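A short write-up of the structure that comes next.
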Amino acid sequence: MQIHRCLTINPAVLLAFLLIAGIATAQDKDKENSKNACSKSNPASLCNASNTCGSPSKPCDIDVKRTSYSSSATPNIPNAKGNDLICVKTGTTVNWHSTAKDTGFLIDLGGSSPFNVPGTITGGTEKSVSVVAKTPGCFKYNFSASDSRAIYGMSKAGQSELIVIGEQ
């Protein structure tokens, strides 16, 4: 006697699986585009209401903190995620701070800074740092947040991108 096994797949389950896979792929593509913003021919075209922080009349607050496995920089934009692309307009005050207890941070923009104060930005829980976006362009920055209560600060760097949009 031969036994033949046949696998049947419910079409509704297959459709749901393909739909979820398509949404996940689109989200990954959006995240990939925002992580490589500075390599695009027109990075400012990636700026929209969901990633633009503050305005010349309202500051942009960026919370820098230590996460379980890395560091995170999160702007005060609804539904913002840490380390995503951040856009600001020229003239916007950017307040770098940490809401995490006993945390210090370093923000390094490399050789060129879009802010009125050049060099590394150093702050922490008890020391917010305010700078004004002056130079339009796309800037990659490295940052690190350390918890002073952990062994040797236990810091791990993160990287993100900041686009300063000029007047239009």
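The values are calculated or read from the model by the stated rules, or taken from the named source; none is laboratory data. Here the structure is a predicted model, which is why all the values come from computation and not from measurement. So basically every Cβ, Gly included, is an ideal-geometry build from the backbone, and we count neighbours across all protein chains shown. Note: areas computed on protein heavy atoms with side chains; ligands, DNA, RNA excluded. Shrake-Rupley method; radii C 1.70, N 1.55, O 1.52, S 1.80 Å.
Using beta carbons and a limit of 7 Å, which pairs, at least six apart or on different chains, have the first residue in the stretch 148-168 and among the small types (Gly, Ala, Ser) and the second one in a loop (DSSP other than H, G, I, E, B) and at pLDDT below 90?
The qualifying pairs are Ser148/Asp102; Gly158/Ser70.
Take the conditions open to solvent by 30 Å² or more (accessible area, probe 1.4 Å), small (Gly, Ala, Ser) and not in a strand (DSSP E or B) and apply them to Ala80. Does it pass?
Against the criterion (open to solvent by 30 Å² or more (accessible area, probe 1.4 Å), small (Gly, Ala, Ser) and not in a strand (DSSP E or B)), Ala80 qualifies.
So which residues in the stretch 104-122 are of a type outside the set (A, V, I, L, M) and open to solvent by less than 10 Å² (accessible area, probe 1.4 Å), if there are any at all? Outline the logic, then answer.
Within the stretch 104-122, the subset of a type outside the set (A, V, I, L, M) is 104-105, 108, 110-116, 118-120, 122.
Of everything in the stretch 104-122, those that are of a type outside the set (A, V, I, L, M) and open to solvent by less than 10 Å² (accessible area, probe 1.4 Å) turn out to be Phe105, Pro114.
Residue-by-condition table, conditions (1) farther than 12 Å from Asp84 by Cα; (2) at pLDDT below 55:
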| site | (1), (2) |
| --- | --- |
| Ile9 | yes, no |
| Ala12 | yes, yes |
| Phe17 | yes, yes |
| Ala26 | yes, yes |
| Glu32 | no, yes |
| Asn42 | yes, no |
| Cys47 | no, no |
| Val64 | yes, no |
| Ser70 | yes, no |
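What number of residues within the stretch 48-60 satisfy the criterion of being open to solvent by less than 30 Å² (accessible area, probe 1.4 Å) and either assigned to a loop (DSSP other than H, G, I, E, B) or of a type in the set (Val, Ile, Thr) (or both)?
Residues that pass the stated criteria total 3.
Would you be able to say whether some residue in the stretch 69-89 is more than 14 Å from the chain's Cα centre (by Cα) and among the polar types (S, T, N, Q)?
No, because not a single residue in the stretch 69-89 is more than 14 Å from the chain's Cα centre (by Cα) and among the polar types (S, T, N, Q).
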